[in-house]
Each structure stands twice: as structure tokens, then as C-alpha cells.
Amino acid sequence: IATQLCVPWLVARLGYRLVLGIGLVALGAPTPLLALSPALGPVLAVSAVRGVGFGLLTVVGSALVAELVAPAAHGRAAARYGVAIGLPQLVLLPAGVAVAQTVGFTPVFVAAGVAPLLGALAVPWVR
């Protein structure tokens, strides 16, 4: 939540693209480290960094919808953004649980780390 409050300030200084990239890296890069230790301290540290990334992404994503779409279409665009965010969660959350139960947690942590990093690679080409 504290990160989300700082996003307007960060965007004003760094721009949407850089803040989006930082959020994706913060969300993805530390995730595979969860496979190294189940101890509370390391899990909380990784979760804190990932939480900052999540906070950056949620605010930047919704702000971009408002920024890029004509005011008359804000409701429709916000709904489409919500579907684009929600559908993958609907599918991937139970899939991640199934993979963790059958193969183990490490592949889930690696996939959850790689996906945002692939998104970060695309950020320079986002208009």
C-alpha cells in the first residue's frame, strides 16, 4: 500500500515505462529465491520486494488505462483491463497449485519469476 502511494511521484520523475519496468523486475526477479528456503525471514524479504513490484504494477496499469483512453471510454477500458488481469489469475492460480503438488514448488517459483521478466523485456517497445 505504501508503494502505491508513491507511484504518482515516481511516474512524474521517471515516467510510466521505467516505473512499469521496475515493477515487473521487482515482482519477478526475486521469486525463484523462494525455492531456496522455507524460513520465515527469507520468505518475508522476497515477499516484501515482490509486494513493491505488485504495488507499482497495479497503480501504473490502472493509471495507464485512464491516461491512454478517451474519458468517454474509461468504464469500458477499465472493465477490459480487469478482465485481462483477472482471467490469467483465474486459470494460473489453480494451475500453479496443481503443478506444485505434482512436480514441486521450484518450477512454479521459476515460472512466476520468468513471466514478469519477459514482460519487462517488452517494456521498451510499449508505446
Worksheet item: When you scan segment 3-116 for helices (runs of 4 or more DSSP H) that lie fully inside it, which ones turn up with 1 or more residues that are in contact with a Ser or Thr (Cβ under 9 Å, 6 or more places away or on another chain) and open to solvent by 60 Å² or more (accessible area, probe 1.4 Å)?
Response: 40-68, 74-102
Practice prompt. Run down 24, 64, 34 and say which single residue is touching a residue at least 60 places away in the same chain (Cβ under 8 Å), under 21 Å from residue 119 (Cα atoms) and in contact with a Phe, Trp or Tyr (Cβ under 9 Å, 6 or more places away or on another chain).
Written response: 34
Practice prompt. Residue by residue through segment 47-87, note down the ones that are basic (Lys, Arg) and in contact with a Pro (Cβ under 9 Å, 6 or more places away or on another chain).
Written response: 50
Practice prompt. Would you mind finding the one in 28, 113, 51, 104 that is modelled with pLDDT of 95 or more and either of a type in the set (S, T, N, Q) or over 24 Å from residue 1 (Cα atoms) (or both)?
Written response: 104
Discussion item. Any residue that is more than 24 Å from residue 14 (Cα to Cα) and within 14 Å of the chain's Cα centre (by Cα) - is there at least one of those in segment 60-82?
Written reply: yes
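The values are calculated or read from the model by the stated rules, or taken from the named source; none is laboratory data. Worth saying up front: this structure is predicted, and the values here are computed from it rather than measured. Neighbour counts run over all protein chains shown; Cβ positions are idealised from the backbone, glycine included. These accessible areas exclude ligands, DNA and RNA; they are computed on the full protein's heavy atoms, side chains included. Shrake-Rupley method; radii C 1.70, N 1.55, O 1.52, S 1.80 Å.
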